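The values are calculated or read from the model by the stated rules, or taken from the named source; none is laboratory data. The shown structure was predicted, so the numbers you read here are calculated from the model rather than taken from an experiment. Cβ coordinates were reconstructed from backbone atoms using ideal geometry, including for glycine residues, and neighbour counts include every protein chain displayed.
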Amino acid sequence: MKKYFTLFVGLFLISTSVFIISCESQELESIDQQNPLEDFILEQAYPEETGELIQILLEGEEVEVESVNKHYILEGDIKVLASETDKGVGRVGGRWPNNIVYYAIQSGMPNQARITNAIAHWESKTALRFVKRTNETNYVYFRNGSGCSSYVGRIGGRQEITLANGCSTGNTIHEIGHAIGLWHEQSRKDRDQYIQILFENIQDGREFNFRTYTEQGQDGNEYTSSLDIGSIMMYGSYAFSKNGQPTITRRNGSTYNAQRNGLSNSDVDGINKMYPPSTATGIITLKGNNNQYVSSENGSNPMNCNRTSIGSWEKFEVVTLSGGKVALKANNGKYVSSENGTKPITCNRSQVGAWEQFTLENVNENIYALKGNNGKYISSENGTKPMTCNRTATGSWEQFVISGL
């Protein structure tokens, strides 16, 4: 996918840092099927402040950034961490394992609907799932503050997405794009095939915002075949203009309106390569050592292994995840949860989190043990009581005949 950098769109109104973007419909690639979410402002970390331009090491390469309030800002809304390490992932930020992004929202955060709506948009278009943090170490923290900004990719620990009161749902979708690993579209190494940069119109000292990743000495692969002007990670024609004239045009000299309606079709295609959707491998049944079948209980009760015949509640879909893990989806459309081994397992989760991931360990032919993410095994409890996931070793009650794999 494209290595994205933040969207900066809109007509230049006055020589301040505030830009207003119109929500006009796009004639561009993949925008015709989208409905505008709302108007939005240009994403900038500190829209009313100008910092000192300095050189730092980013992934082992020298890049020029703006130093504001002890933060290093790249291309307006991207916060970066200086690094003394060798070049690594290049333009692709760190990935979130198992397609799960843990998050928390600051207490009292204004207009939280823009966050939940943005998350819903991401989940409706991609295989990414956003799970509220409990005690996870690595997570995104939505907080109120100056401008709209984010780090790129999973950086480890708590990483902030900052949203001022004026940041819209569209801005939030954009900043989440950074957090899951996307940079700005106009900085692709092949961008000159599709657009031209008019440096003479760029605000003095802001030229560094328009360098390609190759020019910045960074590496990385593109995940789409061509630049997408309709990408939600694309600057607009008048981004950082100093004179009201365009800073970016198509190759034919025409201007365009950037969009913050939602992910474009090309955005989705690229993200699906970065975060491939889970795949179902078939419908299975699980028979315990007591010769009876595991039942999901339709999610209304803890699961049991006491069914003598196969009905709808005794059928499960195996969903392949990354890292050799699987999830079990029942006929009610919900996922089996290990409950982290602290209480009987259930089948009532609407999305896959850590407790809904299992490892299938082959014991012999079609006999398997299921290990939860807590490192413990599921027990059939010999069908005499609700099943649990708290066994440290596999005995007869922890072995299941799985048909359908």
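Which of the residues that make up the stretch 371-405 are touching a helix residue (DSSP H, G or I) at 6+ places or on another chain (Cβ under 8 Å) and of a type in the set (Asp, Glu)? Scanning the stretch 371-405 gives a single hit, 381.
Scanning the stretch 332-385 for residues that are more than 21 Å from residue 99 (Cβ to Cβ), surrounded by 15 or more Cβ atoms within 10 Å (Cβ to Cβ) and free of Cβ contacts under 8 Å to residues at least 24 places away in the same chain yields 377, 379. For residue 212, state whether it is under 28 Å from residue 121 (Cα atoms), modelled with pLDDT under 90, in contact with a helix residue (DSSP H, G or I) (Cβ under 8 Å, 6 or more places away or on another chain) and β-branched (Val, Ile, Thr). So residue 212 does not fit the description; no.
Okay, residues lined up against (1) in contact (Cβ under 8 Å) with a residue 24 or more places away in the chain; (2) out of contact with any Cys (no Cβ under 9 Å at 6 or more places or on another chain):
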position: 259; (1), (2): yes, no
position: 263; (1), (2): yes, yes
position: 267; (1), (2): yes, yes
position: 277; (1), (2): yes, yes
position: 282; (1), (2): yes, yes
position: 298; (1), (2): yes, no
position: 307; (1), (2): no, yes
position: 312; (1), (2): no, yes
position: 320; (1), (2): yes, yes
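Name the single residue, out of those in the stretch 174-192 being in a helix (DSSP H, G or I) and of a type in the set (Asp, Glu), that is nearest to residue 258 (Cα to Cα). The extreme case among them is 185.
Residue 176 falls short of the stated requirement of being over 28 Å from the mean Cα position of the chain (by Cα), at pLDDT 85 or above, hydrophobic (A, V, I, L, M, F, W, C) and surrounded by 15 or more Cβ atoms within 10 Å (Cβ to Cβ). Scanning the stretch 103-123 for residues that are closer than 17 Å to residue 353 by Cα and surrounded by fewer than 18 Cβ atoms within 10 Å (Cβ to Cβ) gives 104, 120, 123. Inside the stretch 322-331, residues that are surrounded by fewer than 19 Cβ atoms within 10 Å (Cβ to Cβ) and in contact (Cβ under 8 Å) with a residue 60 or more places away in the chain make up a count of 2. Scanning the stretch 327-368 for residues that are touching a strand residue (DSSP E or B) at 6+ places or on another chain (Cβ under 6 Å) and in a helix (DSSP H, G or I) yields a count of 3.
Kindly indicate whether residue 232 is over 20 Å from residue 150 (Cα atoms), in contact with a helix residue (DSSP H, G or I) (Cβ under 7 Å, 6 or more places away or on another chain) and crowded, with 18+ Cβ neighbours inside 10 Å. Write out each step before concluding.
Numbers: over 20 Å from residue 150 (Cα atoms): no; in contact with a helix residue (DSSP H, G or I) (Cβ under 7 Å, 6 or more places away or on another chain): yes; crowded, with 18+ Cβ neighbours inside 10 Å: yes.
Criteria not met by residue 232.
Here residue 252 passes the criteria (1) touching a residue at least 40 places away in the same chain (Cβ under 8 Å); (2) over 24 Å from the mean Cα position of the chain (by Cα); (3) more than 15 Å from residue 75 (Cα to Cα) except the one numbered (1).
Residues in the stretch 105-135 that are part of a loop (DSSP other than H, G, I, E, B) and small (Gly, Ala, Ser) were compared, and the one that is modelled with the lowest pLDDT is 127. Do we find a residue being among the β-branched types (Val, Ile, Thr), surrounded by 16 or more Cβ atoms within 10 Å (Cβ to Cβ) and modelled with pLDDT of 95 or more anywhere in the stretch 147-163? Yes - at least one qualifying residue is present in the stretch 147-163.
Residues checked against (1) assigned by TED's automatic domain parsing to the domain that holds residue 291; (2) of a type in the set (Gly, Ala, Ser); (3) under 34 Å from the mean Cα position of the chain (by Cα):
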{"site": "349", "(1), (2), (3)": "yes, no, yes"}
{"site": "357", "(1), (2), (3)": "yes, no, yes"}
{"site": "364", "(1), (2), (3)": "yes, no, no"}
{"site": "368", "(1), (2), (3)": "yes, no, yes"}
{"site": "375", "(1), (2), (3)": "yes, yes, yes"}
{"site": "380", "(1), (2), (3)": "yes, yes, no"}
{"site": "384", "(1), (2), (3)": "yes, no, no"}
{"site": "388", "(1), (2), (3)": "yes, no, yes"}
{"site": "394", "(1), (2), (3)": "yes, no, no"}
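Taking the stretch 386-405 as the range and being in a helix (DSSP H, G or I) and either touching a strand residue (DSSP E or B) at 6+ places or on another chain (Cβ under 9 Å) or free of Cβ contacts under 8 Å to residues at least 12 places away in the same chain (or both) as the test, the residues that pass are 397, 398. Answer with yes or no whether residue 204 is acidic (Asp, Glu) and either touching a residue at least 40 places away in the same chain (Cβ under 8 Å) or closer than 16 Å to residue 177 by Cα (or both). In short, no. None of 155, 161 is part of a strand (DSSP E or B), closer than 18 Å to residue 73 by Cα and not assigned by TED's automatic domain parsing to the domain that holds residue 373 except 161.
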